[in-house]
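To keep things clear, I will list the structure first and then write my remarks on it.
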Amino acid sequence: MDTESTYSEYSHYSSRSRGSHRHGERSRDRHKSRSKDGSRSEKSVTINAPPAEPLLGDESIHGEEVQDDNWGETTTAVTGTSEHSISQEDIARISKDMEDSVGLDCKRYLGLTVAAVLGLLVFLTPIAFLILPQVLWRDKLEPCGTACEGLFISVAFKLLILLLGTWALFFRPPRAGMPRVFVFRVLLMVLIFLFVVSYWLFYGVRILETKDSNYQGIVQYAVSLVDALLFIHYLAIVLLEMRQLQPMFSVKATRSTDGETYFYNLGHLSIQRAAVVILENYYKDFSVHNPALLTASKSRAAKHMAGLKVYNVDGPENNAPGQSRAMITAAARRRDTSHNDLYYEEADHDRRVKKRKSRLVVAVEEAFTHIKRMQEEEQKKAPGEVMDPREAAQAIFPSMARALQKYLRTTRQHHCHTMESIQQHLAFCITNNMTPKAFLESYLNPGPTLQYSQNRWFARQWTLVSEKAVTNGLNDGVVFVLKCTDFSLVVTVKKIPFIKLSEEFIDPKSHKFVLRLQSETSV
């Protein structure tokens, strides 16, 4: 009891001291930002943002209260209301982004409305061709025989097939909002519109004005319209789906911050559609963007630049050429030994990672062993007293929290995982009876971007930068850039070379041989 009370008092004191320390840092940063904004613009506004989880980028940019980094020691989360001062230019930029998003929504709904209206026109036209003569001049129509009645069944089933095919091909949820229209889709819509209008013009001139009495010919005219619409639907499948299946280009996508690169094979696509395919594969293949991994290289670069500085202590009037040359030589020697610093720094980091990993593995195995003992004890209890996986995860989490936090800090993954997400993953592993190795896989081997929480990696908007029009098709040597807030993807397109194979015939008899043995053998 004394140990637990002392630990709780220490946790309360440490969390309170850290909270006061962070409050002092926030007040100093807020004072600096207000002084800078005051020199730039006299108008500024202070926004009180609700507590939220940190993103993978710089938390000070988003103005959100970050999670307590010492959750492994206190197993508590510190939340509160953060304040951030922004200038008038920032407000104008935010309003512009909102206007752009509203414009994209209007464009998307306008396209859906036009497609829906055109679809209704297409499906109602054959039915109108059959109904109008029955309504306007029914007494003058010739009786419809057995063949004519059979055409009604044909029209009904063909319209049903066309309806299902149109729903499967066109009325699918959009995967992304593109900056320009899809050229082939627009061409198909224009073709369908002109086709239906031409059928209506012919119907109005040759049937409505003359009041044709041959009802079987009118039904056959409607059947021909439905058949032509089915052929147009087949053309849409070829242009929209089958044309891009054969790989024609090798696309190289490189992330600008860490240089991570992946290659993809694409078919005949426009630049904007190729960008959508690359972004879909980016969230599946690329590791999550972690700016904390870049801090070490930045610190080494800063030390290197600091080593190249030359100071003249005696002033410009006492500038000795020999002394300056000696200082430059000393700085060059210091620069030449920087690779040794990098070598020992990486070796020390690998040693610390292995040490933290071994401690984490032992802590997790002991925690899962404790879970097995608890499950064996709960089997002997009444059904109402059995602990659910969420409670079991909360019970064993403190035993591994400190080791896990130190490992995540050493590998610079502490921004990617929150205490709540780790507990949810632990409860998921307990529910599905997974091993400690399966639980640690997400932390020892960082997975793709989709593995993490969506509010940590999902970019609301990507910007496509291209010298050529985004509706143009891919060509050899095309380069375009996909930009988001923290980084960009540089995409280079290369055409897959034409491969020529030749055949060489091998005579089957050339593989035969004769083994001749001597009749006399040595004794």
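The values are calculated or read from the model by the stated rules, or taken from the named source; none is laboratory data. This structure is a prediction, so every number in the text was calculated from the model and none was measured. Glycine also receives a Cβ, built like all others from the backbone with ideal geometry; neighbour counts cover every protein chain displayed. These accessible areas exclude ligands, DNA and RNA; they are computed on the full protein's heavy atoms, side chains included. Shrake-Rupley method; radii C 1.70, N 1.55, O 1.52, S 1.80 Å.
Okay, here's what the table says:
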quantity: Subset of the stretch 254-271 [open to solvent by 30 Å² or more (accessible area, probe 1.4 Å) and under 22 Å from the mean Cα position of the chain (by Cα)]; calculated: T254, S256, T257, D258, G259, E260, T261, Y262, F263, N265
quantity: Pairs where the first residue, in the stretch 350-361, is touching a residue at least 40 places away in the same chain (Cβ under 8 Å) and the second is among the charged types (D, E, K, R), C-beta under 8 Å, 6+ apart; calculated: R356/K406; R359/K406; L360/K406
quantity: Within the stretch 476-519, tally of residues that are touching a residue at least 24 places away in the same chain (Cβ under 8 Å) and either out of contact with any Pro (no Cβ under 8 Å at 6 or more places or on another chain) or of a type in the set (D, E) (or both); calculated: 16
quantity: Checklist (1) open to solvent by 100 Å² or more (accessible area, probe 1.4 Å); (2) of a type in the set (G, A, S); (3) modelled with pLDDT of 85 or more applied to S519, failing item; calculated: (3)
quantity: Criterion violated by R300 - all others in (1) modelled with pLDDT under 80; (2) under 40 Å from the mean Cα position of the chain (by Cα); (3) under 30 Å from Q424 (Cβ atoms); (4) part of a helix (DSSP H, G or I) satisfied; calculated: (3)
quantity: Of all residues making up the stretch 208-253, the number that are open to solvent by less than 20 Å² (accessible area, probe 1.4 Å) and aromatic (F, W, Y); calculated: 2
quantity: Residue identified as closer than 20 Å to I192 by Cα and in contact with a Gly (Cβ under 9 Å, 6 or more places away or on another chain) among T125, T166; calculated: T166
quantity: Subset of the stretch 408-435 that is surrounded by fewer than 17 Cβ atoms within 10 Å (Cβ to Cβ) and part of a loop (DSSP other than H, G, I, E, B) - its residue that is modelled with the lowest pLDDT; calculated: R412
quantity: The stretch 465-489, residues that are under 24 Å from Y283 (Cβ atoms) and open to solvent by less than 40 Å² (accessible area, probe 1.4 Å); calculated: S466, V470, L474, V478, F480, V481, L482, C484, F487, S488, L489
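Per-residue answers, yes or no, for (1) touching a strand residue (DSSP E or B) at 6+ places or on another chain (Cβ under 6 Å); (2) closer than 30 Å to R243 by Cβ; (3) surrounded by fewer than 15 Cβ atoms within 10 Å (Cβ to Cβ):
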position	(1), (2), (3)
V491	yes, yes, no
K500	no, yes, yes
E504	no, no, yes
D507	no, no, yes
L515	no, no, yes
